[in-house]
Every structure is written in C-alpha cells, then in structure tokens.
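Derivation of every value follows stated rules applied to the coordinates shown; laboratory data play no part. Only a predicted model underlies this, so the values are computations on that prediction, with no experimental measurement involved. Cβ coordinates were reconstructed from backbone atoms using ideal geometry, including for glycine residues, and neighbour counts include every protein chain displayed.
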Amino acid sequence: MELEQLKYPIGKFIVPTEIDKDHILEWKTTIRELPQDLEKLVKGLSQTELNWIYRPDGWSVKQVVHHLADSHMNSFTRFKLTLTENVPAIRPYEEQLWAATPDGKDNDISASLLMIKGIHSRWSYLLDHLSEQDMNLLYFHPQHQRLYSLKEAIGLYHWHSQHHLAHIRQALQHKGIF
C-alpha cells in the first residue's frame, strides 16, 4: 500500500460544489456518533494495541484518540468564536507537537474519550440549533489563508472523524506493522 493511501485511507476532504440539507444531516450524524463509534473501536484494546501505528512514522492508536480530543476541542471553540464574532481569525495549533506532549502520548485514553463525549454532546446540540444564516457565517484560517463557512466546517469535521476512525482500523488490521 502506498504512503498516500495509508495517510488518507478515505481520501482527502473535498467540499461539495453545493452543500445541501442531506449533506448537513449526514455530517451532523457522524459528529454526533463519533464518541460511540470511537469507543466501540478502542474498547478493550491492550497497551500493545494502543501503541500500534497506522502507517510508517504515523501516530499510534492512542495518539489518534488524543488528537481527536484536541482537534475537536479546537473546532468547537472555532464554532463558538464564529457565532459570536465577526469573521474571526482562528488560532491554528501545531498538531504534531501537541501529539508529542506527555498527555498526547499517555497510554490512558479514558480522559480523551470523556472529552470527546462531552465536546460532541455540546457540539451536536449546537449544530442542531444553527439557522441557515448561522451555517453561512465565516471564519478565517490563517494557516490555510482562506475563509471557511460553518457548513463547510461541519463537513470537514465529518470527514476528520471518519478519517481518523479509518486510521485506527488500519492500525488494528495491520497490527501496527508497516
């Protein structure tokens, strides 16, 4: 398997030309269900399995779980900023460096699973109460030098959730051997 396929097992995120209600419904469902889907995938994994990587020089299963907590915490904050400020410039963060911090490499993933459960509960409630006008609000991402609408961001985090679930499945399928 080529490295690019291992990095992007479900492909890269592509924004649909037109985002319709069916997209939003599917994307919100993925975001709502991530905590349960993730827990099913990692429940009962041994310390050895949590340390399996999903590709050469890739993160371990535990780092992917911690990353999901970090990333989705940041995304929820971006949504709140976008709803309360006029086209805010969000603050990017160094994912690789966050994954290398002691908590990002911790063998105990229970705190990150709890964070994901709480964040996704609040986030799903928020998403269910956004108006069409809210969905079109924008934030600026300085690292990508572009504007994102909240409806695009919902799609991005639907993809992000599926992307990292696929990474964990890949690590488990290959037993971390690459």
Degrees separating the helix 110-128 axis from the principal Cα axis of the chain, which is the longest one: 20 degrees
Binned Cα-Cα distances of region 58-119, short to long, each 5 Å bin given as a whole percent: 4, 19, 25, 20, 15, 9, 6, 1, 0
The chain: angle of helix 61-84 to the longest principal axis, Cα-based, in degrees nearest 10: 10 degrees
Okay, helix-only estimate at 222 nm for the chain: each DSSP H run of n ≥ 4 adds -39500 (n - 2.57), divide by all residues, round to 500 deg cm²/dmol; what do you get? -19000 deg cm²/dmol
Looks like the chain, by Cα gyration tensor root eigenvalues a ≥ b ≥ c and the a/c under 1.5 rounded cutoff (else prolate when a/b is bigger than b/c, oblate otherwise), is prolate
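Work out which trypsin sites (Lys or Arg not before Pro) in the chain are exposed loop sites (DSSP not H, G, I, E or B, at most 16 other Cβ within 10 Å) and give the longest gap free of them. Could the numbers behind the result be given before it?
Working: sites that count: Lys12, Lys43, Lys105, Lys175.
The segment 106-174 is the longest one with no such site.
Nearest 20 debye, what's the magnitude of the dipole of region 29-102 about its Cα centre given +1 on Lys and Arg Cβ and -1 on Asp and Glu Cβ? Let's see the in-between values first.
Values: 8 positive and 9 negative charges, 30 e Å.
It works out to roughly 140 debye.
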Measuring from its Cα centre, region 29-178 shows a charge dipole (+1 at each Lys and Arg Cβ, -1 at each Asp and Glu Cβ) which, in debye to the nearest 20, is 200 debye
Under 21 Å between C-alpha atoms, the lysine pairs in region 1-82 lying 8 or more places apart or on different chains count 6
